[in-house]
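The values are calculated or read from the model by the stated rules, or taken from the named source; none is laboratory data. What you see is a predicted model; the values in this text were computed from it and never measured. These accessible areas exclude ligands, DNA and RNA; they are computed on the full protein's heavy atoms, side chains included. Shrake-Rupley method; radii C 1.70, N 1.55, O 1.52, S 1.80 Å.
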Amino acid sequence: MAFERAMFGGVTPTVTLQRWFDASPGISPLDISMTAVYLGHFVVPVAVGFVVWRYNRVVYYRYAAAMVIVALLGLW
């Protein structure tokens, strides 16, 4: 923290960004869109897998293997 404060003039960049984007007292369109992006992180891979599974099982097995490998690498 001390290094970041020294580098950016006494304020950390995360605090500055939060102040810029948190100007309204209610729920803003930015809040809604970022929530959709965050939830898409969980829904989109499953939906893509389902569509691939419906049309080409061989490609689906490769996709599923790739998803498992990526998940395991994320834990490593």
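Every residue in the range 24-54 that is assigned to a loop (DSSP other than H, G, I, E, B) and open to solvent by 90 Å² or more (accessible area, probe 1.4 Å), please. First the steps, then the outcome.
First, pick out the residues of the range 24-54 that are assigned to a loop (DSSP other than H, G, I, E, B): 24-28.
Hits for the range 24-54 are Pro25, Ile27.
Would you check if there is a residue in the range 1-22 being at pLDDT 95 or above, charged (D, E, K, R) and more than 21 Å from the chain's Cα centre (by Cα)? Write out each step before concluding.
Restricting attention to the range 1-22, the residues satisfying the condition of being at pLDDT 95 or above are none.
No, the conditions are met nowhere in the range 1-22.
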